[in-house]
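Report on the structure given below.
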Amino acid sequence: MNKRKLGHSGLEISPLVFGGNVFGWTVDEPTTFTLLDAFVAAGFNAIDTADSYSRWVPGHVGGESETILGKWLKRSGNRGKVVVMTKVGWELGPEQKGLSRTHILRSAENSLRRLQTDVIDLYQSHVDDPDTPQEETLRAYADLVAQGKVRFIGASNHKGERLASALDVSRKLSLPSYQSLQPNYNLYDRAEYESQLEPVCEKEGLGVINYFPLGGGFLSGKYRTEADMANKPRARTVTKYFNERGLKILDALDKVAKIANANPARVSLAWLLARPSITAPIVSATNLKQLEDLIASIDR
C-alpha cells in the first residue's frame, strides 16, 4: 500500500485513518480488537483518538477510547506497526480543558498511561483555546517532544487565521510546529475548509486528516429518510444534512456510483483522496462488513 507523508513530520500513514471515537461507544472492546486487527492486516497503520472520547456517553468520563486502544496495542504487539494519534483540549470537566501548559502536561501523562505506550506519535490540539497564549501551548509541546513523550504535534478545529498565527509563533520562537490539521470536511461541509484552511495547509505543507468524511454516514447513502435515523447514535449529526442541498448531493453520488459500479461511500472517499491537500480521511466502522467496504474504497 502506498503511504502518504503527513506534513513535514516524516510520518507516513495509510490513505485512511481509523477513527477511535467509536471505541467504547458504538463498538465494544472485543469488536474493537477484531476491527483493528483487520485494519492493520489490510496494510493500514494510522489510528486517531482523543482523551475526551467518549465523554458524551452516559456514565463515561473520557479516556474510554484511549484505554481500549491501549489494551489492543499491548495485546496485539502492533505498537511498532501503527501511528498513534490522540488529542488534548476538549472539556473533560471543570478546570479540565483548554491548551494551558498545566493541562497539556497532565493530560499527556494520562493519555500515555491509558494508551500503554511511551510516546504519542501525533499529539493534537483538539480545539483552539483563545484564552491561552499560543506560545504557552507550544512551549508545553516542546517540553513533551524534548522528553521523548511526543514525536509531532497537530491542530484540530482551528480557524484559518489562528492556525496561521500558531505556525508563525513556532517559526519566530523556534518551537515545534503543527504538522497537520484535522478539520470537518466532506462533500457537504466544504466552505470553511476550502476558503480559509486549505490555503494555509497548502502554503505551509501541512498534512490534512479530515473527520466526518461521510457526514456521519449520510454520504454513504444509508440514511435516506428521517425514519432511517430513528434510534441511531449519530442521528443528531446526520439531521443537518436532510435538506434540499444534502439530498441533491446524495442524488449526484448515486448517479456517479452507478456509472462507476461503486457505492456512495466509495465515491465520497475517492473525491476526497483526489484533492491534493487531503492526506487521509478519518473513517470509522462498527463491524467487519463496514470496514471491508471502506478498505475496498482505496485503490491500493
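Using only Cα atoms and rounding to the nearest 10 degrees, what angle (0 to 90) does helix 160-173 make with the longest principal axis of the chain?
The angle comes out at about 30 degrees.
From zero outward in steps of 10 Å, how is the percent of C-alpha pairs of segment 2-160 spread across the bins?
Result, from short to long distances: 11, 42, 36, 11, 0 percent.
So, for the chain, what is the accessible surface per residue at a probe of 1.4 Å, expressed in square angstrom? Could the numbers behind the result be given before it?
Working: 13360 Å² over 300 residues.
With the other protein chains kept in place, the chain gives 45 Å² per residue.
What ranking of 119, 256 comes out by heavy-atom accessible area, probe 1.4 Å, highest first?
Final ranking, largest accessible area leading: 256, 119.
Expressed as a rounded percentage, what relative contact order does segment 44-119 have, with Cα pairs under 8 Å and six or more residues apart?
Relative contact order, segment 44-119: 35 percent.
Taking only Cα atoms, what is the 0 to 90° angle, nearest 10, from helix 64-76's long axis to the longest principal axis of the chain?
Once rounded, the angle reads 90 degrees.
Taking Cα pairs under 8 Å and at least six residues apart, what relative contact order does the chain come out at, in percent?
Relative contact order comes out at 19 percent.
Normalise the Cα radius of gyration of the chain by 2.2 N^0.38 Å (N = residues in it) and let me know the number.
Working it through for the chain, the quotient is 0.97.
Quick check: pseudo-label points 7 Å beyond the Cα along Cα→Cβ at residue 287 and residue 8, how many nm apart are they?
4.6 nm
Mind checking Rg over Rh on segment 71-113, alpha carbons, Kirkwood formula for Rh?
Ratio of gyration radius to Kirkwood radius for segment 71-113: 1.09.
What is the distance, in nm, between label points placed 7 Å from the Cα along the Cα-to-Cβ direction at residue 91 and at residue 161?
Those two pseudo-labels are separated by 2.4 nm.
For segment 133-180, what are the per-bin percents of Cα-Cα distances with bins 5 Å wide, up to the bin holding the maximum?
Computed distribution, short to long bins: 5, 23, 35, 25, 10, 3.
Could you give the C-alpha radius of gyration of segment 92-193 expressed as a fraction of 2.2 N^0.38 Å, taking N as the number of residues it contains?
In units of the 2.2 N^0.38 Å rule of thumb, it is 1.09.
State the volume of the convex hull built on the alpha-carbon positions of segment 1-66, expressed per residue in Å³ and rounded to an integer.
Convex hull of Cα atoms, per residue: 85 Å³.
Considering segment 164-290, what Rg and Dmax in Å follow from its alpha-carbon atoms?
Cα-based Rg and Dmax for segment 164-290 come out at 16.8, 54 Å.
The values are calculated or read from the model by the stated rules, or taken from the named source; none is laboratory data. Because the structure is a prediction, the values reported are computed rather than measured. Note that we place each Cβ from the backbone using ideal geometry, even for glycine, and neighbour counts take in every protein chain shown. SASA here: full protein model, heavy atoms, side chains in, ligands and nucleic acids out. Shrake-Rupley method; radii C 1.70, N 1.55, O 1.52, S 1.80 Å.
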